[in-house]
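The values are calculated or read from the model by the stated rules, or taken from the named source; none is laboratory data. What you see is a predicted model; the values in this text were computed from it and never measured. Glycine also receives a Cβ, built like all others from the backbone with ideal geometry; neighbour counts cover every protein chain displayed.
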Amino acid sequence: MTEEENLWTPRELSKFLGYSESTISRMVSQCPDKLPPRVAALARPRWVPEVAREWAKVSSDLPTGRGGRPRLIR
C-alpha cells in the first residue's frame, strides 16, 4: 500500500466531518480555513487522517460565538 492510499479523499473526510462530499469540494476552494490542513504537495485535495482527527479535537475545544442578534431582555 502506498502512502497516498492511506490519505483521505474528500469522500472520506466528508464522512468523518459529517458534511456532504460536494460541501467539502466547495469548501476546499472557497473556505479552506474551515477544513483540516491538507497535503500541499498533491494536485488533488488529500488529508492525513491523523492530522484531520487532531484538527477536529482542537477545533472542537475552541469557544464558539453565539450567532445572531442578541435578544432583548425585559
- Query: Glu21 versus (1) of a type in the set (D, E, K, R); (2) at pLDDT 95 or above; (3) within 17 Å of Ala56 (Cβ to Cβ): which is the lone unmet condition?
  - Reply: (3)
- Query: So which residues in segment 1-16 are at pLDDT below 95 and either of a type outside the set (S, T, N, Q) or within 13 Å of Ala52 (Cβ to Cβ) (or both)?
  - Reply: Met1, Glu3, Glu4, Glu5, Asn6
- Item | Whichever residue in segment 56-74 is within 15 Å of the chain's Cα centre (by Cα) and either aliphatic (A, V, I, L, M) or at pLDDT 95 or above (or both) and, among such residues, is farthest from Asn6 (Cα to Cα) | Leu62
